[in-house]
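The structure appears right after this line, and notes come after that.
The values are calculated or read from the model by the stated rules, or taken from the named source; none is laboratory data. Treat the numbers as computed from the prediction; the structure is a model and nothing was measured. Cβ placement follows ideal geometry from the backbone for every residue including glycine, while neighbour counts extend to all protein chains displayed.
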Amino acid sequence: MSLEDYRQQPKVFAAFALPTLVWLLLFFVTPLTIIWLYSFGENVSLVNIETTWTLDNYVRIFQPEIMVLLWRSLWIAGIATVICLAIAYPIALVIATAREDKKPWLLLLIMLPFWTNLLIRTYALLNILGTRGRLNQALEWLWGVANTAVNRIGLGGMQLLGENFTPLKMLGTPSGVIFGIVYVSLPFAILPIYSSLERLDRSYLEASLDLGAGQWKTFRYVLLPMTMTGVVTAAIITFIPALGQFITPDLLGRGQVDMIANVIERQFKRANDWPFGSALSLFLLYITFVLLAVRSFYDSRRSH
Amino acid sequence: MNNIANQNPKKPFEYSRKWSMRLVFIVSMIFLYAPIIVLIVFSFNNSRRGGNVIWRGFTTDYYKKAFANEELMLAFANSITIAVSATIVSVFLGALTAIFLWRFRFPFKPLAEGLVSLPIVIPEICLGVSLAMFFSKMGLWTTGDTPWPLNLSNIILAHITFSFPFAAMVIRTRLQNFNREMEEAAKDLGASEYRVFRDILLPHMRPGLIAAALLSFTLSLDDFVITFFTSGPNTVTFPVKIYSMVRFSITPEINAASTLLIGLTLLLTYIALRYQRQMINKND
């Protein structure tokens with residue numbers, strides 16, 4: 001099927017293309033241009049911002065307090081992404097190798113929480129992660145079982161697991177925020193890996209096993225490299241929203257584990273420092289662009 | 001060779017049969033579902049405070065309380081109004097976008113495609129902040145005395161901006177398997193451009209349009225971050241209201257309200273799946 005040249009039917013083309021382009025220009029490009037101009041501006045009064053082309057707002061990003069936050073956002077999002085990929089790969093493998101009639105149901109099982117409101121899922125975690133919440137109850141039970149086992153085999157005197165169970169502190173700590181981000185973004189990570197596994201020519205795996213490579217070697221040298229595009233896509237579409245997460249650090253971090261988005265929110269809602277908030281938002285946007293460029297570079301290098 | 005094959009009785013791609021893989025899968029499912037199930041179960045818990053740890057008996061009081069909470073119900077009405085309006089425009093705009101990208105060759109096409117997909121990929125907070133600044137700069141900031149539902153227009157505009165690219169993506173996927181020979185045959189038989197569109201292309205697009213509508217509706221209903229920045233004190237949506245309730249104090253009423261929203265999402269998913277199944281059966 002060949003595409004029509006727009007010059008053959010310029011009116012039909014315009015009728016279809018113009019509404020979209022006008023909409024994007026008005027409600028997407030213009031808003032971004034406004035914050036771009038604000039990011040080079042100064043507050044002249046409470047609500048008036050004059051674009052003076054100052055670079056102050058960008059310089060302020062590099063002051064230590066903000067750099068600490070940026071760095072924290074990067075590593076929290078990074079660790080969450082790695083954990084997501086490590087869980088997502090086996091799940092995607094199970095779905096891709098399940099019986100054909102089961103596949104849609106397994107996919108639905110993955111997608112259902114994803115369709116549930118992000119805020120509600122985070123709120124649900126808030127109930128689980130407290131020091132006296134369900135996660136710690138489950139861990140305490142496991143600790144009890146393990147402790148009894150240790151006592152049974154006669155090592156009780158050594159108190160290998162400590163005298164008492166110490167509850168994990170998750171709320172207000174980076175681990176709680178990472179837990180929350182993994183929880184909300186896991187489905188994002190599964191789908192691209194799944195679709196790359198579906199497209200895979202399985203005879204390569206058979207060949208590898210037939211030629212004597214073990215399961216692990218086959219995974220490491222055949223399966224993983226062949227599905228790397230899916231893994232990279234999964235990593236990027238998990239990492240970008242994770243980096244800009246607002247709700248998770250806000251609710252689970254309890255103000256102790258702020259990330260970039262929390263600082264941006266404060267500039268607009270409380271501190272009323274719109275120029276600095278704009279500069280931070282654009283900084284986040286530039287990081288996103290760099291990541292997308294990395295991905296398309298990766299894709300193009302693989303296809304050659 | 002055979003020797004090695006015998007050591008590996010399972011076929012190479014039967015990971016779903018390995019117990020270790022199954023265990024990972026089951027544990028992950030517990031991880032995904034347990035918090036939501038606990039939330040739903042404890043919406044029926046008869047306890048005023050800290051009701052999420054100790055079970056104190058069954059009650060539906062918190063649902064009655066949620067329904068009697070006028071602010072919450074107004075937020076719910078706002079959310080539905082916004083979702084319906086945003087869905088209608090998103091599907092329309094998404095269909096136009098999908099058609100022009102699918103059908104035509106034109107200069108700077110990659111640029112146009114990039115621009116359309118950009119609202120999907122940029123961090124939500126950037127879009128929320130920039131739209132909030134846009135509305136205040138353009139004087140489109142709705143004041144307290146704008147009559148309902150006009151005071152929701154900023155939020156509706158914002159929702160259309162982030163959901164129509166998703167709609168376009170879904171509709172375009174459907175258009176990929178349209179047989180253009182049908183269109184040519186109709187034109188050869190004297191059908192006008194408009195009739196071809198109405199009688200051939202539109203019926204083919206229908207499942208895509210419905211899928212796009214359900215997706216846009218869900219996206220709009222679920223959005224928190226962008227709405228949080230573009231809403232005013234009088235234009236609170238359901239998720240924004242739940243957020244302010246969570247910040248204030250944690251009560252079983254929030255669980256009840258959340259359960260209602262989860263129920264609505266499940267219902268929409270069910271409708272989408274049923275519809276999809278009908279389409280598959282028809283095509284057979």
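For A:A234, the conditions (1) assigned to a helix (DSSP H, G or I); (2) at pLDDT below 90; (3) not aromatic (F, W, Y) all hold with the exception of (2).
Residue-wise test of (1) buried (at least 17 other Cβ atoms within 10 Å of the Cβ); (2) within 13 Å of chain B (Cβ to nearest Cβ); (3) under 28 Å from the mean Cα position of the chain (by Cα); (4) under 22 Å from A:V294 (Cβ atoms).
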{"position": "A:I153", "(1), (2), (3), (4)": "no, no, no, no"}
{"position": "A:K169", "(1), (2), (3), (4)": "no, no, yes, no"}
{"position": "A:Y204", "(1), (2), (3), (4)": "no, yes, no, no"}
{"position": "A:I236", "(1), (2), (3), (4)": "yes, yes, yes, yes"}
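If you check A:A96, A:A17 for being over 28 Å from the mean Cα position of the chain (by Cα) and at the interface with another protein chain (Cβ under 9 Å from one of its Cβ atoms), only one passes: A:A17. With respect to being out of contact with any Pro (no Cβ under 9 Å at 6 or more places or on another chain), under 29 Å from B:C126 (Cβ atoms), free of Cβ contacts under 8 Å to residues at least 24 places away in the same chain and away from chain B (no Cβ under 12 Å), A:S196 falls outside the description. Here segment A:95-146 is the region considered, the condition is being among the polar types (S, T, N, Q) and at pLDDT below 85, and the residue that is nearest to B:G263 (Cα to Cα) is A:T116.
Taking each residue of segment B:193-204 that is small (G, A, S) and looking for partners that are modelled with pLDDT of 85 or more with beta-carbon atoms closer than 8 Å, six or more apart or interchain, yields nothing.
Please indicate, with yes or no, whether at least one residue in segment A:255-267 is away from chain B (no Cβ under 12 Å), more than 15 Å from A:A80 (Cα to Cα) and out of contact with any helix residue (DSSP H, G or I) (no Cβ under 8 Å at 6 or more places or on another chain). Yes, there is a match, as at least one residue in segment A:255-267 is away from chain B (no Cβ under 12 Å), more than 15 Å from A:A80 (Cα to Cα) and out of contact with any helix residue (DSSP H, G or I) (no Cβ under 8 Å at 6 or more places or on another chain).
When segment B:89-127 is filtered for residues that are crowded, with 18+ Cβ neighbours inside 10 Å and more than 16 Å from B:P165 (Cα to Cα), the ones remaining, listed by number, are B:R103, B:F104, B:I125, B:C126.
Would it be correct to say that B:L201 is farther than 30 Å from B:K65 by Cα and surrounded by 15 or more Cβ atoms within 10 Å (Cβ to Cβ)? Yes: the conditions hold for B:L201. Checked against the criterion of being surrounded by 13 or more Cβ atoms within 10 Å (Cβ to Cβ), at pLDDT 85 or above and within 30 Å of A:Q215 (Cβ to Cβ), segment B:68-80 has no qualifying residue. If you check B:I250, B:I262, B:I254 for being free of Cβ contacts under 8 Å to residues at least 24 places away in the same chain, more than 21 Å from B:V89 (Cα to Cα) and at the interface with chain A (Cβ under 10 Å from one of its Cβ atoms), only one passes: B:I254.
Residues that are farther than 29 Å from B:T60 by Cα, at least 2 per element: which helices (runs of 4 or more DSSP H) completely within segment B:225-284 meet that? Helices (runs of 4 or more DSSP H) meeting the threshold: B:225-230, B:252-283. Taken over segment B:128-167, the criterion of being under 18 Å from A:L24 (Cβ atoms), at pLDDT 80 or above and more than 8 Å from chain A (Cβ to nearest Cβ) is satisfied by B:G128, B:F135, B:M138, B:N154, B:I156, B:H159, B:F162, B:S163, B:P165, B:F166, B:A167.
Conditions (1) touching a Phe, Trp or Tyr at 6+ places or on another chain (Cβ under 6 Å); (2) assigned to a helix (DSSP H, G or I); (3) modelled with pLDDT under 90; (4) surrounded by fewer than 15 Cβ atoms within 10 Å (Cβ to Cβ), marked per residue:
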residue	(1), (2), (3), (4)
A:S2	no, no, yes, yes
A:R7	no, no, yes, yes
A:L24	no, yes, no, no
A:I35	no, yes, no, no
A:V47	no, no, yes, yes
A:W53	yes, no, yes, yes
A:Y58	no, yes, no, no
A:M67	no, yes, no, yes
